[in-house]
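Worksheet: the structure to be examined is printed underneath.
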Amino acid sequence: MAFSDPYLERVYQQAERRDGGQQEFLQAVREVFETLEPVIKAHPEYEANGILERFIEPEREIKFRVTWVDDNGRTQVNRGYRVEFNSAIGPYKGGLRFHPTVTESVVKFLGFEQILKNSLTGLPMGGGKGGSDFDPRGRSDGEVMRFCQAFMTELQRHIGQFTDVPAGDINVGAREVGYLFGQYKRIRNEYTGTLTGKGLEFGGSLIRTEATGYGLCYYTNDAMKELRNDSFEGKTVAVSGSGNVAIFAIEKAQQLGAAAVTASDSDGYVYDPNGIDLDVLKDIKLIERGRISEYAQRVPGSEYHEGCSGVWEVKCDIALPCATQNEISEESAKKLVSNRCTVVCEGANMPSTPAAIAVYRSNGVLYGPAKAANAGGVAVSGLEMSQNSLRLQWPSEEVDQRLQDIMRGIVSESLAAAHEYGHDGDLMLGANIAGFTKVANAMVAQGVM
């Protein structure tokens, strides 16, 4: 489908010619471009300054070999990536993902989304992302350490507290960040806040582990209040995933009065009509690094089902996808709607396909896009950077309050931008425009570079 605006159409066709095989990246670009037409028409200076062409082209892409030795003495080779996408409003900021599905396209889509997400937080952070096709599942701590050390040996030459500040993402948690930080410090002989998501003992922030899941619920609650005069109280919530995002989204949703009844991993999902038992889930996933099927073995009355997509067939009022990209298809979205789900807010990055989003929008579902709804993680990463620069640690109550304020501000800015361009209540369009205009104006002000 062509864009009606010739500038948007020309730039998107250019992206297709250059990056035709990068489907995740092109999907992310198209989803943003589809909402930018009113702002492009209102700002002819963006075309004159080539803003869109520059906006979709990373400032720097780094691809490197990661060579390490496993426990059997065998040499292993993985690919490492870092995309430093846009630094118009601050140093590159974005996580590292270790997963077999990591490709250049995936890293570019994540980095592109990160530009807008970081802009929405109101903090001075540009957009970047990175990772590797390394899979830590089933690997020993020693193997994970050696991989992280090999990965950082190359990455360290490209990052720094004023240049590029990575964090965690899928399969990069406290253990991995600790190993990465240790190797950076070892090579550079400096103790700086170059990574976020660090342990509390060496520069980490309170609430960082919980931030994405908590922030998702703060955003959802604020959006429901503004648009529906409603809240989590008494609602049934379906959540996918069982990592930090999902676990702490479940925790906060239940603190806000809802019953979160599902969790999942790559093998299947569990349904607990009494509400997920967080103590059991945390033991399995955060301590034992086990499989979600074990939950049903330990909690009477719960059910385990093979396959991930079935989580969206569970009847719910609110859906919080927190697993991975494109996990909700058009068919799954229709099932949610038929089961009277009225709110979908995204904890994962781009978890809904374009067809699924069309189903939400055509059926009046309150839809919170990932770049807005899951910005809590990078927001507290930004707060961690501030604490590192100040050489202090704020109490958890202060960090949590700042997180709540940031997520409320994202809802407010998105709704204001949507109203300004004649699309009242459209959180997706509002988030894209609010995030984009801040970065675009900074790019115009800084000249062609």
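The values are calculated or read from the model by the stated rules, or taken from the named source; none is laboratory data. Computed from a predicted structure; not experimentally measured. With ideal geometry, Cβ positions are generated from the backbone for all residues, glycine too; neighbour counts draw on all protein chains shown. Just so you know, the surface numbers come from the protein's heavy atoms only, side chains and all, with ligands and any DNA or RNA stripped out. Shrake-Rupley method; radii C 1.70, N 1.55, O 1.52, S 1.80 Å.
Kindly establish whether ASP267 is charged (D, E, K, R), open to solvent by 30 Å² or more (accessible area, probe 1.4 Å), in contact (Cβ under 8 Å) with a residue 24 or more places away in the chain and more than 30 Å from HIS423 (Cβ to Cβ). In short, yes. Against the test of being at positive phi and touching a residue at least 24 places away in the same chain (Cβ under 8 Å), the options ILE170, ILE187, ILE207 yield a single qualifying residue, ILE207.
Yes/no per residue for (1) modelled with pLDDT of 95 or more; (2) basic (Lys, Arg); (3) buried (at least 17 other Cβ atoms within 10 Å of the Cβ); (4) closer than 25 Å to ALA211 by Cβ:
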residue	(1), (2), (3), (4)
GLU288	no, no, no, yes
ILE292	yes, no, yes, yes
GLN297	yes, no, no, no
GLY301	yes, no, no, no
GLY310	no, no, no, no
CYS316	yes, no, yes, yes
ALA319	yes, no, yes, yes
CYS322	yes, no, yes, yes
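Scoring THR194 on the criteria (1) touching a residue at least 60 places away in the same chain (Cβ under 8 Å); (2) open to solvent by less than 10 Å² (accessible area, probe 1.4 Å); (3) part of a loop (DSSP other than H, G, I, E, B); (4) under 24 Å from ARG175 (Cβ atoms) leaves a single failure, condition (1). From the list GLU233, GLU226, the one residue that fits, being touching a helix residue (DSSP H, G or I) at 6+ places or on another chain (Cβ under 9 Å) and open to solvent by 10 Å² or more (accessible area, probe 1.4 Å), is GLU226. Figure legend. Inter-residue proximity from the stretch 429-447: first residues in a helix (DSSP H, G or I) and among the charged types (D, E, K, R), second residues open to solvent by less than 20 Å² (accessible area, probe 1.4 Å) and at pLDDT 95 or above, beta-carbon distance below 7 Å, spacing 6+ or different chains. Indicated pairs: LYS438/SER119. Residue-level analysis places GLY80 among those that are surrounded by 21 or more Cβ atoms within 10 Å (Cβ to Cβ) and in contact (Cβ under 8 Å) with a residue 24 or more places away in the chain. Taken together, the residues in the stretch 417-441 that are under 22 Å from GLU113 (Cβ atoms), open to solvent by 60 Å² or more (accessible area, probe 1.4 Å) and either touching a helix residue (DSSP H, G or I) at 6+ places or on another chain (Cβ under 7 Å) or of a type in the set (Gly, Ala, Ser) (or both) amount to 2.
One residue alone among ARG137, ARG157, ARG186, ARG146 is modelled with pLDDT under 95 and out of contact with any Asp or Glu (no Cβ under 6 Å at 6 or more places or on another chain), and that residue is ARG137. Residue count for the stretch 152-189 satisfying the condition of being open to solvent by less than 20 Å² (accessible area, probe 1.4 Å) and aromatic (Phe, Trp, Tyr): 2.
Is it true that some residue in the stretch 53-71 is open to solvent by 10 Å² or more (accessible area, probe 1.4 Å), of a type in the set (Ser, Thr, Tyr) and either modelled with pLDDT of 95 or more or not assigned by the TED database to the domain that holds ASP265 (or both)? Within the stretch 53-71, one or more residues are open to solvent by 10 Å² or more (accessible area, probe 1.4 Å), of a type in the set (Ser, Thr, Tyr) and either modelled with pLDDT of 95 or more or not assigned by the TED database to the domain that holds ASP265 (or both).
Let's see how each residue does on (1) open to solvent by 50 Å² or more (accessible area, probe 1.4 Å); (2) under 30 Å from TYR191 (Cβ atoms):
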site: ASN326; (1), (2): yes, no
site: ARG340; (1), (2): yes, no
site: PRO354; (1), (2): yes, no
site: PRO369; (1), (2): no, no
site: VAL378; (1), (2): no, yes
site: GLY382; (1), (2): no, yes
site: SER389; (1), (2): yes, yes
site: GLN393; (1), (2): yes, yes
site: VAL399; (1), (2): no, yes
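Candidates in the stretch 131-159 are the residues that are free of Cβ contacts under 8 Å to residues at least 60 places away in the same chain and of a type in the set (Gly, Ala, Ser); of these, the one that is nearest to VAL106 (Cα to Cα) is GLY131.
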